Amino acid sequence: FFFSPSPPPPGLTAMEKKLAEYKCSTNEAIQLKLVRFPEDLEDENTTFNPEYSHQVFGDDEVAFGYKGLKILLYYIAGNLSTLFRIEYTSKVNEKFDCVEADDVESKIREIIPPGFCTNTDDFVSLLEKEVNFKPFGMLLHTYSVHNEEAGEDITYQIYKADMTCPGFQEYHERLQTFLMWFIETASFIDIDDERWNYFLVFEKYNKDGATLFATVGYMTVYNYYVYPDKTRPRVSQMLILPPFQGEGHGAQLLETVHRYYMSSPTVLDITAEDPSDNYVKLRDFVLVKLCQDLLCFSPEKLMQGFSQEMVMEAQQKLKINKQHTRRVYEILRLRATDMGDAEQSRSYRLDVKRRLIGPYKKKQRELAKMRRCLRPEELTNQLNQIDLNMQHEQLEESFQQLVSDYRRVLERLAQA
């Protein structure tokens, strides 16, 4: 007897189809707002979405069990008091569909601090008290940015705060929730450690004749101890909230933080923890801006090559470490080089490639060592030759990429 395989239970694919309708992208479902006026609540233009939600909802960034899911996370623009609400048009029913919807609420509750509102009326009454909110800590810098839309200059201020400021700890707990949505590998920091410094950017705005403050972004910096009597501040997290991105606040913040530490005799230099590509571009711009007027970076000295004098002056005056000083040198030397002149262009290319080839050469030595142990002599030479050709290609690619990054920094500098 032959048994034919039993046909799939009728309706399985229909069931699968039905369940697929109950999957929602959490990056679309989460709706964030920074609210200044009651009418912002209904205004779709004030809504923005996360870039990431994998740390809360898993790698697929999907919530299952709902149709038309909306996860509302609205913040009052200044003190970030929060409204959290979940809306949906329908939800799977355990009794009939034999599946359970994701517990979206408890996942969000894990990252937002308690004390949030769940209904709009409570939130609006908190909004009326916002006029009492003032920035925390010590004012370091004030600057203005021209806003095309409003047709006026808007004023911003940068403050340095710490956990001893009344109310700051609770505010920081609300502020750091944004990290989860906009920094891919974000984690919350240990606020009990006194070596953290917090730098905050606020916008000043008017409401009914009063001056109010809106949160724009912030940076956290950890002060590492360096034997015997110095510290090395390390930038840990930096976030400019999406409604304010692209307006130059990141550069203002980083430059202000550099200037703050520059005045301290105990600071050795400033570094960053696992910086993103965007942060490196921002840092290049800020450091070049700070360094371009130092005597050691004059065009004639740039043409003589990277020097110990540059390393010393950048570290002593601006708290910039050797590695970053080297990048500054390469960017400023590019500006001073006539790339249309064959001799100048060749000299620049060789100078940069000499630095880029360092890691390759080290790898080469390690490979050679391994192969001496493993393979006959002639094979080693052949493999090294293949490696060299690949190296030259990769090296040229790295060089071209670097020059295009450097040119962007110089363009931005020309406009600053």
Could you tell me whether the range 225-242 includes any residue that is closer than 13 Å to Arg195 by Cα, within 14 Å of the chain's Cα centre (by Cα) and among the small types (Gly, Ala, Ser)? yes
Answer yes or no as to whether Thr325 is without any contact (Cβ under 8 Å) to a residue 60 or more places away in the chain and within 24 Å of Arg234 (Cα to Cα). yes
Does the range 144-160 contain any residue that is of a type outside the set (Val, Ile, Thr), under 23 Å from the mean Cα position of the chain (by Cα), surrounded by fewer than 16 Cβ atoms within 10 Å (Cβ to Cβ) and assigned by the TED database to the domain that holds Asp208? yes
Pairs under 8 Å by beta carbon, first residue open to solvent by less than 20 Å² (accessible area, probe 1.4 Å) in the range 31-57, partner outside any strand (DSSP E or B) and among the small types (Gly, Ala, Ser), six or more apart or different chains? Val35/Ala77
So which of Lys107, Lys134 ends up being modelled with pLDDT of 95 or more, within 27 Å of the chain's Cα centre (by Cα) and within 26 Å of Gly209 (Cα to Cα)? Lys134
Contact list, first residue from the range 153-169 and more than 13 Å from Phe202 (Cβ to Cβ), second anywhere and surrounded by fewer than 17 Cβ atoms within 10 Å (Cβ to Cβ) and polar (S, T, N, Q), beta-carbon distance below 8 Å, six or more apart or interchain, is Asp153/Ser144; Asp153/Asn147; Met163/Gln169
Among strands (runs of 3 or more DSSP E) entirely within the range 168-240, at least 3 residues that are more than 26 Å from Glu39 (Cα to Cα) and open to solvent by 60 Å² or more (accessible area, probe 1.4 Å) occur in 230-240
Here are some residues: Arg346, Arg327. Which one is over 29 Å from Tyr261 (Cβ atoms) and in a helix (DSSP H, G or I)? Arg346
Checking the structure you have, find out if any residue of the range 101-109 is assigned to a helix (DSSP H, G or I), hydroxyl-bearing (Ser, Thr, Tyr), in the same structural domain as Ser53 (by the TED database) and loosely packed, with under 12 Cβ neighbours inside 10 Å. yes
Determine if the range 176-197 includes at least one residue that is in contact (Cβ under 8 Å) with a residue 60 or more places away in the chain, farther than 19 Å from Gln245 by Cα and among the polar types (S, T, N, Q). yes
Give the range 241-283 a look and list any residue that's open to solvent by less than 20 Å² (accessible area, probe 1.4 Å) and within 22 Å of Leu318 (Cβ to Cβ), or say none. His249, Gly250, Ala251, Leu253, Leu254, Thr256, Val257, His258, Tyr261, Val267, Asp269, Ile270
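The values are calculated or read from the model by the stated rules, or taken from the named source; none is laboratory data. Keep in mind that what you see is a predicted model, and the values were worked out from it rather than measured. As a convention, Cβ positions derive from the backbone with ideal geometry for all residues, glycine included, and neighbour counts pool all protein chains shown. The accessibility values were calculated without ligands, DNA or RNA, using every heavy atom of the protein model including side chains. Shrake-Rupley method; radii C 1.70, N 1.55, O 1.52, S 1.80 Å.
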